[in-house]
Amino acid sequence: MTSDTRTGPPSFGSERDMLRAFLDYHRATLAMKCEGLTDEELKQRSMPPSTLSLLGLVRHMAEVERAWFRRVFEDNDAPMVWSDRIDFQAAYDASASTRHEAFTAWEAEVANSRRIEREADSLDLAGYQPRWEEEVSLRMVMVHVLLEYGRHNGHADFLREGVDGTVGA
């Protein structure tokens, strides 16, 4: 990690502005944790038999973005990125992946998620979560995805430290 260029969330603002800012902050945190590493370093696994790696987290978060924004609000049948069925674990195995492949997919899903959120009239927008077979609000989706990033950025802290000793942020 060369430098921290993330924009911190505001101390005051509307609920929507806060959710949007915290999501973007956590998205930037994941990208920052991967800065300056080679493809091989990004694929370095935490410990056998786990397939967890920084690149696997990027792939997984592409799946999360797709499953919670695209599939809920646009196309309930949209295929997952790295599995034929809904298998979030498949994304963790990045052994045959590259930074370019993983980040291209993740950035495309993030851009789509941002578009969906910005076009919504309200956080009360209802979408259908096919895995749960029930409607959910945009508010719930944003909180859920924010929690996913928070959890996995904690993993990214340990993974990055294991790769090259870098800690912080």
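The values are calculated or read from the model by the stated rules, or taken from the named source; none is laboratory data. Source: prediction; values computed, not measured. Cβ coordinates were reconstructed from backbone atoms using ideal geometry, including for glycine residues, and neighbour counts include every protein chain displayed. Just the protein is used for accessible areas: all its heavy atoms, side chains included, with ligands, DNA and RNA removed. Shrake-Rupley method; radii C 1.70, N 1.55, O 1.52, S 1.80 Å.
Per-residue answers, yes or no, for (1) more than 22 Å from Asn112 (Cβ to Cβ); (2) more than 14 Å from the chain's Cα centre (by Cα); (3) modelled with pLDDT of 95 or more:
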site: Met1; (1), (2), (3): yes, yes, no
site: Thr5; (1), (2), (3): yes, yes, no
site: Gly8; (1), (2), (3): yes, yes, no
site: Ala21; (1), (2), (3): no, yes, yes
site: Leu30; (1), (2), (3): no, no, yes
site: Glu41; (1), (2), (3): yes, yes, yes
site: Pro48; (1), (2), (3): yes, yes, no
site: Met61; (1), (2), (3): no, no, yes
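Against the numbered list (1) at pLDDT 95 or above; (2) within 20 Å of Phe22 (Cβ to Cβ), Asp121 comes up short only at (2). Checking each residue in the stretch 120-136 for being over 21 Å from Pro79 (Cβ atoms) and either in contact with a Cys (Cβ under 6 Å, 6 or more places away or on another chain) or not in a strand (DSSP E or B) (or both) picks out Ala120, Asp121, Ser122, Leu123, Asp124, Leu125.
Which one is least open to solvent (accessible area, probe 1.4 Å), of the residues in the stretch 77-108 that are among the β-branched types (Val, Ile, Thr) and closer than 26 Å to Glu133 by Cβ? Before the answer, list the steps.
Let us first name the residues in the stretch 77-108 that are among the β-branched types (Val, Ile, Thr), namely 81, 86, 98, 104.
Next, only the ones that are closer than 26 Å to Glu133 by Cβ stay: 81, 86.
Details: Val81: 45, Ile86: 66 Å².
Per the criteria, the residue is Val81.
Only one residue in Glu40, Glu74, Glu63 is within 26 Å of Pro130 (Cα to Cα) and open to solvent by 60 Å² or more (accessible area, probe 1.4 Å), so which one is that? The unique qualifying residue is Glu74.
Taking only the stretch 87-112 into account, find how many residues are among the aliphatic types (A, V, I, L, M) and modelled with pLDDT under 95.
Step one: list which residues in the stretch 87-112 are among the aliphatic types (A, V, I, L, M), which gives 90-91, 94, 96, 102, 105, 108, 110-111.
Then keep just the ones that are modelled with pLDDT under 95; that gives 90-91, 94, 96.
Counting residues in the stretch 87-112 that are among the aliphatic types (A, V, I, L, M) and modelled with pLDDT under 95 gives 4.
Being open to solvent by 50 Å² or more (accessible area, probe 1.4 Å) and either in contact with a strand residue (DSSP E or B) (Cβ under 9 Å, 6 or more places away or on another chain) or among the hydrophobic types (A, V, I, L, M, F, W, C) (or both) is the filter here, so list the residues in the stretch 10-37 that pass it. Matches in the stretch 10-37: Phe12, Phe22.
Please verify whether Arg139 is farther than 11 Å from Trp68 by Cα, under 18 Å from the mean Cα position of the chain (by Cα), open to solvent by 70 Å² or more (accessible area, probe 1.4 Å) and free of Cβ contacts under 8 Å to residues at least 40 places away in the same chain, treating the condition exactly as stated. Before the answer, list the steps.
Numbers: farther than 11 Å from Trp68 by Cα: yes; under 18 Å from the mean Cα position of the chain (by Cα): yes; open to solvent by 70 Å² or more (accessible area, probe 1.4 Å): yes; free of Cβ contacts under 8 Å to residues at least 40 places away in the same chain: no.
Against the criterion (farther than 11 Å from Trp68 by Cα, under 18 Å from the mean Cα position of the chain (by Cα), open to solvent by 70 Å² or more (accessible area, probe 1.4 Å) and free of Cβ contacts under 8 Å to residues at least 40 places away in the same chain), Arg139 does not qualify.
Could you please give the count of residues in the stretch 43-58 that are buried (at least 24 other Cβ atoms within 10 Å of the Cβ) and touching a helix residue (DSSP H, G or I) at 6+ places or on another chain (Cβ under 6 Å)?
The first filter runs over the stretch 43-58 and keeps only residues buried (at least 24 other Cβ atoms within 10 Å of the Cβ), leaving 53-58.
Keeping just the survivors that are touching a helix residue (DSSP H, G or I) at 6+ places or on another chain (Cβ under 6 Å) gives 54-58.
Count: 5.
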